[in-house]
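Colleague: The following block contains the structure, expressed as C-alpha cells.
The values are calculated or read from the model by the stated rules, or taken from the named source; none is laboratory data. Since this is a predicted model, take the numbers as computed values, not measurements. Note that each Cβ is placed from the backbone with ideal geometry, even for glycine, and that neighbours are counted across all protein chains shown.
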Amino acid sequence: METKALFFLVIIFFIVGPFSTVFAQSSDSSICQQKIDTLTNQTYYYNVDTVAKLRDPKNTLLKEISKLVKVSDVAKKQGISGVKIIVFYLIAENGDVFGTRFLRGEEQIANKEEIIQIIENKKYTPAMCNNEKVISNGLFSLQLCFKY
C-alpha cells in the first residue's frame, strides 16, 4: 500500500511539477517597477530590465563637474570642509535628461545652475523594460573636499 501511495505522489510531481514552474516563471517575467516624480508629475521606471547608459565613452561627466564646481560664500563662512552632492534626474525614452534637481549639497554650491546644465546636456541610451524604451531615473553623486 505504501509503495502505491509513494508511486502516486511521484507521478503527480512529474505531471504537475513542470507546469507549476512554467506558470511561476511566466507570471512575473519582468522586474520593472514604476514611480511618479512629484516635481514633473512624470511616471518613470526605477527598476528596469536594462539600465540607461551614458553615451559619453570617456565618461567626462565626473571630470566636468569636478573642475567646474564652486563653493558658495555661505559654505566658506561656515568653514565647511566638504560636502556630498547628490543630483536626481530623469532620462527620457530618446535619451534626453530632464527634471534635474539637487537632493543634497545644493546650499554649499555657488554655481548649481551650471552643474544642472552639464547633466542635462548629456545623452543616454534609454532604459529598457519588456523590450520597450522607458523613462528612468539617474543619480549623480560626488563627495567634495574644499581647500580654502
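Colleague: Which residues, counting only those in segment 99-123, are touching a residue at least 40 places away in the same chain (Cβ under 8 Å), out of contact with any Asp or Glu (no Cβ under 8 Å at 6 or more places or on another chain) and buried (at least 17 other Cβ atoms within 10 Å of the Cβ)?
Modeller: Residues satisfying the conditions are Ile109, Ile115, Ile119.
Colleague: Which residues, taken from segment 54-102, are within 19 Å of Lys123 (Cα to Cα), assigned to a helix (DSSP H, G or I) and among the basic types (Lys, Arg)?
Modeller: Lys63, the sole residue that qualifies.
Colleague: Identify, by number, the condition in (1) without any contact (Cβ under 8 Å) to a residue 60 or more places away in the chain; (2) of a type in the set (Val, Ile, Thr); (3) within 16 Å of Leu142 (Cα to Cα) that Ile91 doesn't meet.
Modeller: (3)
Colleague: Would it be correct to say that Glu120 is more than 22 Å from Val51 (Cβ to Cβ) and not aliphatic (A, V, I, L, M)?
Modeller: So Glu120 does not fit the description; no.
Colleague: Something else now. Would you mind stating whether Lys133 is touching a strand residue (DSSP E or B) at 6+ places or on another chain (Cβ under 8 Å), farther than 25 Å from Tyr45 by Cβ, basic (Lys, Arg) and assigned by TED's automatic domain parsing to the domain that holds Asn41?
Modeller: No: the conditions fail for Lys133.
Colleague: Considering only residues of segment 76-92 that are at pLDDT below 90 and touching a strand residue (DSSP E or B) at 6+ places or on another chain (Cβ under 7 Å), which is surrounded by the most Cβ atoms within 10 Å (Cβ to Cβ)?
Modeller: Val83
Colleague: Of the numbered conditions (1) closer than 20 Å to Ile36 by Cβ; (2) out of contact with any Ser or Thr (no Cβ under 8 Å at 6 or more places or on another chain), Leu62 satisfies every one except a single condition; which is it?
Modeller: Every listed condition holds for Leu62 apart from (1).
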